[in-house]
């Protein structure tokens with residue numbers, strides 16, 4: 001709740017803070033964040049290795065604290081170099097948190113519970129990110145240097161606050177591990193198989209990077225498409241984003257209850273690719289219609305987009321959990337999170353050079369990418385079974 005609230009505030013004010021307060025150009029901000037995104041890919045994988053060796057709770061606490069401190073350091077940046085350094089720490093720490101959190105869930109729960117719990121966390125994340133977005137909007141309304149700095153500092157403070165309950169979780173899991181013989185054995189043996197030698201899992205992760213671009217499509221591509229290529233009013237952007245948040249909250253947990261195991265997870269990813277492709281086609285059609293029809297098409301596309309987003313994430317979580325043996329849970333989660341980070345880094349470039357530049361043709365290219373990624377995942381996992389020594393979990 002605390003870290004998600006922080007993210008909502010930060011996402012709302014960061015662009016204007018970087019340009020108006022720090023004094024960077026749009027191109028400089030883009031360059032710095034791209035470099036930070038590349039660092040985040042490596043950090044996701046390294047965090048997984050560290051989680052297998054020193055424990056996921058310790059990695060989660062450390063990376064959360066480092067992200068909070070990096071956010072507090074943003075107001076001290078004055079050049080592209082210092083901005084890039086701080087952004088690198090902040091973005092990499094956030095990506096590493098994702099790996100550590102998923103690894104904690106992998107060890108703490110079993111079977112379909114892991115995906116269901118992660119889906120419930122996803123609901124909390126969406127709700128409190130929305131609350132943070134509303135609060136961050138107050139800084140936009142004030143539109144003052146002090147307001148932007150206070151918002152960024154508040155964002156860092158809330159991340160640091162979130163360290164406190166993580167310390168309690170760390171203590172609980174450590175106590176349970178001491179009482180659980182299986183976990184004690186697992187802690188003693190960290191020499192599990194490497195996901196880098198698992199060709200099937202690497203293929204699935206690479207395809208997941210393409211599907212993960214759905215997030216950038218929603219936050220970068222769709223707002224620019226609505227405002228620059230359709231006759232819909234600007235307020236439609238807000239309506240689309242709110243509709244997305246509401247639908248995620250409503251459908252994520254029910255869908256997670258039905259999707260578990262390698263086969264169902266792969267089918268969910270396949271359906272997600274088709275649904276995201278259909279959403280692209282509907283977004284494209286909104287450019288050549290009247291205002292009323294454009295709004296209807298955009299909202300319809302947002303519904304399809306959200307269903308595809310949720311199915312892709314749940315399927316990806318299921319595959320990441322079910323592919324991983326006990327001794328390499330962190331490494332496997334690290335590769336999965338690295339694919340998500342890669343998708344986040346690629347999304348702005350891919351979306352602007354396809355749909356936003358070439359219109360209908362570009363949307364067709366994006367639709368083909370999503371369809372191919374979903375179908376490719378289904379093909380890649382055919383015949384794959386649950387790995388020997390699957391995660392037993394802590395109860």
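When each of 81, 110, 62 is tested for being surrounded by fewer than 17 Cβ atoms within 10 Å (Cβ to Cβ) and closer than 30 Å to residue 323 by Cβ, the lone residue that passes is 110.
Within segment 329-353, residues that are in the same structural domain as residue 88 (by TED's automatic domain parsing) and more than 14 Å from residue 99 (Cα to Cα) reach no partner that is buried (at least 22 other Cβ atoms within 10 Å of the Cβ) and at pLDDT 90 or above with beta carbons closer than 7 Å at six or more positions or on different chains. Please verify whether residue 370 is modelled with pLDDT of 90 or more, assigned to a helix (DSSP H, G or I) and assigned by TED's automatic domain parsing to the domain that holds residue 206, treating the condition exactly as stated. Against the criterion (modelled with pLDDT of 90 or more, assigned to a helix (DSSP H, G or I) and assigned by TED's automatic domain parsing to the domain that holds residue 206), residue 370 qualifies. Scanning segment 1-28 for residues that are free of Cβ contacts under 8 Å to residues at least 40 places away in the same chain and closer than 16 Å to residue 90 by Cα yields a single hit, 15.
Output the residues belonging to segment 225-260 that are surrounded by fewer than 17 Cβ atoms within 10 Å (Cβ to Cβ) and either at positive phi or free of Cβ contacts under 8 Å to residues at least 40 places away in the same chain (or both). Residues satisfying the conditions are 227, 234, 235, 238, 246, 250, 254, 258. Here no helices (runs of 4 or more DSSP H) wholly within segment 173-231 include at least 2 residues being at pLDDT below 85 and closer than 20 Å to residue 42 by Cα.
Considering each of 392, 380, 292, 324 in turn, give the residue that is modelled with pLDDT of 95 or more and over 18 Å from the mean Cα position of the chain (by Cα).
Just one listed residue meets the conditions, 292.
Set side by side, the residues 23, 68, 48 differ, and just one is in the same structural domain as residue 137 (by TED's automatic domain parsing) and under 30 Å from residue 259 (Cβ atoms), which is 48.
The values are calculated or read from the model by the stated rules, or taken from the named source; none is laboratory data. Computed from a predicted model, the values in this text were never measured in an experiment. All Cβ positions, even for glycine, are placed from backbone atoms using ideal geometry, and neighbour counts span all protein chains on display.
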